[in-house]
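Colleague: Got a structure here, written out as structure tokens. Questions coming.
The values are calculated or read from the model by the stated rules, or taken from the named source; none is laboratory data. These numbers come from a predicted model, not from an experiment. Neighbour counts are summed over all protein chains in view; Cβ atoms, including those assigned to glycine, are modelled from backbone coordinates with ideal geometry. Surface areas here come from the heavy atoms of the whole protein model, side chains and all, with no ligands, DNA or RNA. Shrake-Rupley method; radii C 1.70, N 1.55, O 1.52, S 1.80 Å.
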Amino acid sequence: MRERSLWTLHIAAGLAVLVLLGLHMAVMHLTAVLGLSSMNPAGHDPLAWENVVHRGQQILITLSYLLLLGVALYHGLYGLRNILFELTASAEYRRFLSIALLVVGVGMFVLGSWAALAARATALAAGS
Amino acid sequence: MPDSQAYPNRLGLKGWALGGRWGPERYLFTLHRITGLGLLSYFLMHILVTSSRVFGVEAWELTMGFLSHPVFLVGEYLVFAAFAIHGLNGLRLVLIELGLLTGRAEEPIYPYRSSLNVQRPVAVVAMILAGIIIVLGGWELFFLRH
């Protein structure tokens, strides 16, 4: 029952990643092709500091980063857990692996959330 | 019952590529795993690298200057390609998982109909779409951005 719920969540997270990462990729890699210049007003280079500041000032983009961070970490680390589970059926190994991946996921989520929120503060300060 | 010696059930990592006479979908399974692991590795590094924007323009431009090397540019393109393949193949897998590409159960009357008749074209369309997205991304990255 628990594994079925985790698997269902994995699929739902995958669909959410497809939408959110699709939007992120469109903004970062298809700005000129799709005519999304309003997302990168300082030119076609999305990594230019002015564009980074502009996106950082948009609350919807910051929120989408936080959501993407959570669902992508879950989807990716659960997928890795499934692959590593295939290597051995040892219950002790599987419990250790689950805990280790949970710690990595929570740690990266905390770091990524802090970066997204602090970067927004930096972008707002740079724009004022 | 013991596993077949010719095709044992548990092949480990070798089973990703050396399991037997497989159709294209089985190789898409391998590709899905490889792209997934690549995307996860990149994503974890991406969180660390993009955190440098917190420390202002100097830290950001120092980081981006280091990553502007052509090797990283090609790496960035590979990540984009992996996203297109993994995302569209994943969408195909979800459609199958939800039973939308399996058809209704019916009596096996000759000539038999297989759900593969539906699933194979969907796999082909998914990979054609991934190819188009990969070409568009490459065009922007290598010709329009720089």
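Colleague: I need a count of the residues in the range A:77-100 that are surrounded by 11 or more Cβ atoms within 10 Å (Cβ to Cβ) and outside any loop (DSSP other than H, G, I, E, B).
Modeller: Total meeting the criteria: 15.
Residues are listed down the side, and each one gets a yes or a no for (1) closer than 25 Å to A:ALA12 by Cβ; (2) more than 10 Å from chain B (Cβ to nearest Cβ):
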residue: A:ALA48; (1), (2): no, no
residue: A:ASN51; (1), (2): no, yes
residue: A:ILE61; (1), (2): yes, yes
residue: A:SER64; (1), (2): yes, yes
residue: A:LEU69; (1), (2): yes, no
residue: A:TYR74; (1), (2): yes, yes
residue: A:ARG81; (1), (2): yes, yes
residue: A:GLU86; (1), (2): yes, no
residue: A:LEU124; (1), (2): no, yes
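Colleague: Please go through the range B:33-61 and pick out each residue that is over 28 Å from the mean Cα position of the chain (by Cα) and either open to solvent by less than 50 Å² (accessible area, probe 1.4 Å) or modelled with pLDDT of 95 or more (or both).
Modeller: Looking only at the range B:33-61, we keep the residues that are over 28 Å from the mean Cα position of the chain (by Cα), and these are B:52-61.
Once the filter is applied, which keeps residues that are over 28 Å from the mean Cα position of the chain (by Cα) and either open to solvent by less than 50 Å² (accessible area, probe 1.4 Å) or modelled with pLDDT of 95 or more (or both), the range B:33-61 yields B:SER52, B:ARG53, B:VAL54, B:GLY56, B:VAL57, B:ALA59, B:TRP60.
Colleague: Is it the case that the range B:125-132 has a residue that's at pLDDT 95 or above, farther than 18 Å from B:PRO24 by Cα and aliphatic (A, V, I, L, M)?
Modeller: The initial filter retains those residues of the range B:125-132 that are at pLDDT 95 or above, namely B:125-132.
From what is left, the residues that are farther than 18 Å from B:PRO24 by Cα are B:132.
From the residues that got through so far, the ones that are aliphatic (A, V, I, L, M) too are B:132.
Yes, the range B:125-132 contains a residue that is at pLDDT 95 or above, farther than 18 Å from B:PRO24 by Cα and aliphatic (A, V, I, L, M).
Colleague: For the range A:26-41, how many residues meet the condition of being touching a helix residue (DSSP H, G or I) at 6+ places or on another chain (Cβ under 7 Å), open to solvent by 20 Å² or more (accessible area, probe 1.4 Å) and either of a type in the set (Gly, Ala, Ser) or modelled with pLDDT of 95 or more (or both)?
Modeller: Matching residues across the range A:26-41 total 2.
Colleague: Right, something else. Can you tell me which condition B:LEU100 does not meet? The list is (1) modelled with pLDDT of 90 or more; (2) assigned to a helix (DSSP H, G or I), and all the others hold.
Modeller: So B:LEU100 meets the others, but not (2).
Colleague: When you go through A:VAL110, A:VAL103 one by one, which is the residue that is over 16 Å from the mean Cα position of the chain (by Cα), of a type in the set (Val, Ile, Thr) and surrounded by fewer than 17 Cβ atoms within 10 Å (Cβ to Cβ)?
Modeller: On the way: A:VAL110 fails: over 16 Å from the mean Cα position of the chain (by Cα).
Result: A:VAL103 is the single residue among A:VAL110, A:VAL103 that is over 16 Å from the mean Cα position of the chain (by Cα), of a type in the set (Val, Ile, Thr) and surrounded by fewer than 17 Cβ atoms within 10 Å (Cβ to Cβ).
Colleague: For the range B:104-146, which positions are assigned to a loop (DSSP other than H, G, I, E, B) and open to solvent by less than 80 Å² (accessible area, probe 1.4 Å)? Steps first, answer last, please.
Modeller: From the range B:104-146, those assigned to a loop (DSSP other than H, G, I, E, B) are B:104-115, B:145-146; that's our starting set.
B:SER114, B:SER115, B:ARG145, listed by residue number.
Colleague: With the structure loaded, tell me whether B:HIS69 is surrounded by 14 or more Cβ atoms within 10 Å (Cβ to Cβ) and not aromatic (Phe, Trp, Tyr) or whether it fails that test.
Modeller: Values: surrounded by 14 or more Cβ atoms within 10 Å (Cβ to Cβ): no; not aromatic (Phe, Trp, Tyr): yes.
It is false that B:HIS69 is surrounded by 14 or more Cβ atoms within 10 Å (Cβ to Cβ) and not aromatic (Phe, Trp, Tyr).
Colleague: May I pose another question? Which number in (1) more than 10 Å from chain A (Cβ to nearest Cβ); (2) under 19 Å from B:LEU31 (Cβ atoms) marks the one condition that B:GLY87 misses?
Modeller: (1)
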